[in-house]
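The values are calculated or read from the model by the stated rules, or taken from the named source; none is laboratory data. None of the values given here were measured: they were computed from a predicted structure. All Cβ positions, glycine included, derive from the backbone under ideal geometry; neighbour counts span all protein chains shown. The protein model used for the area step is the full one, side chains on, heavy atoms only, and it has no ligands, DNA or RNA in it. Shrake-Rupley method; radii C 1.70, N 1.55, O 1.52, S 1.80 Å.
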Amino acid sequence: MEEPPAKKAKAADPVSENIDNLIENIKNSPNNLHAILNLEIHDSIPTEKVYVGHIKNSKDLSITILTLNEIIPLKQLQHLKRVRKKDVLLCPTSYLTNNSSIQEFLEANVPSLRHVFEYFKEIEVPALPPKLKRQHFEFNKVWSCNFHPNEYLEKMAVDNFFNEAELKNHRMYMAIAFDVAKFYLEKTNNVNLISSLNLTNVTVIVDPSISSIVDIAFDNRENHPLQHSTMLAIDNVAKTQNGGAWNVDNKNGIDNKLWGIDKELLDDLQQKHDVCIGARQVRGKNESCDDGGPYLCTGYYVYTIREPCIMCSMALVHARAKRVFFCFENTSFGALKCKTQLQNVPFLNHRFEVFTGFL
Ligand SMILES: [Zn+2]
């Protein structure tokens, strides 16, 4: 006798259970998030070899320093002090050419100092200035450094930047991004939601001043090469400000609060997460933009499932996002951690903070 076919129960679907577990972990993890800061804050600092001269007589220190600063300035090693007790930093070893010794180099360039030193030695010093107190402490064991403490950076560098309430909010918005992915992947009958997550992205943009979701976007790169979820989300934010370039199907009718997102999904999200949805103000096509409202994503927080690519990250710079949060690293194209760190490029005219560590 044949067994009756198994009943299809959504709760028993292992794939749904997996993604639901993931969402629960994101929401409930007690771990704080961590900031992606300049590489030199976390990684080992590059060093540079330098010559140091031990001075015979302390009374010669002042004139020696004055002379060296004038004739052999330290240039890129300005963060280092010139003197440490009776040791004087002379120059990087790379300044010497033609196998000459440091004694010969001094005799050729600063003859007035040729009898000042008792002996010379080579040491390795940090090639970059310390940014954190602990780096300053370590650097000082090798050579004395100039240092200007930055309390905000200190706080970001240790993983307890957000308080409990803030953390709960960030985790909720990231969980919403996963709920959105689940909704659309299920709709398109993806067989394995977890592996499909690696091929798609969702962006949630939040105005923290009113704790409201300003936009949600799901990847449309299969149909349009530029319509990554972050690009779509920024364009949709522009639509709330009398701008925007892309025509996105308005699935919610004239009461639409978020372009391109199904009303059924919005209702679900509001019910499940008790979250506000909508921008502070939505301007009509003929309304002025000079009423003091935000410029694109100024002050907004951006949550993406996967680390944004260089195009999306640069768009977030242009859009003036305040903070970007991502869950999964994008080892092939990620522009905030894996391939480059756009937030740490010094010459850009806007910087945002980047946080990850949701799982
Ligand atoms: Zn992208």
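The residues listed here are Asn160, Asn201, Asn169; of these, the one that is within 15 Å of the ligand (Cβ to nearest atom) and touching a residue at least 24 places away in the same chain (Cβ under 8 Å) is Asn201. Here Leu336 does not fit the description of being within 13 Å of the ligand (Cβ to nearest atom), assigned to a helix (DSSP H, G or I), under 22 Å from Asn198 (Cα atoms) and touching a residue at least 12 places away in the same chain (Cβ under 8 Å).
Go through the residues of the range 164-185 one by one and say whether even a single one is open to solvent by 80 Å² or more (accessible area, probe 1.4 Å) and of a type in the set (Ser, Thr, Tyr).
no
Does the range 131-138 contain any residue that is basic (Lys, Arg), in a loop (DSSP other than H, G, I, E, B) and surrounded by 18 or more Cβ atoms within 10 Å (Cβ to Cβ)? So far as the range 131-138 goes, yes, one or more of its residues are basic (Lys, Arg), in a loop (DSSP other than H, G, I, E, B) and surrounded by 18 or more Cβ atoms within 10 Å (Cβ to Cβ). Please go through the range 300-323 and give me each residue that is closer than 16 Å to His170 by Cα and either within 15 Å of the ligand (Cβ to nearest atom) or modelled with pLDDT under 95 (or both), ordered by number. Within the range 300-323, Val302, Tyr303, Thr304, Ile305, Arg306, Glu307, Ala321 qualify.
Residue-level check: of (1) more than 16 Å from the ligand (Cβ to nearest atom); (2) part of a loop (DSSP other than H, G, I, E, B); (3) at pLDDT below 90, Glu264 misses just (2).
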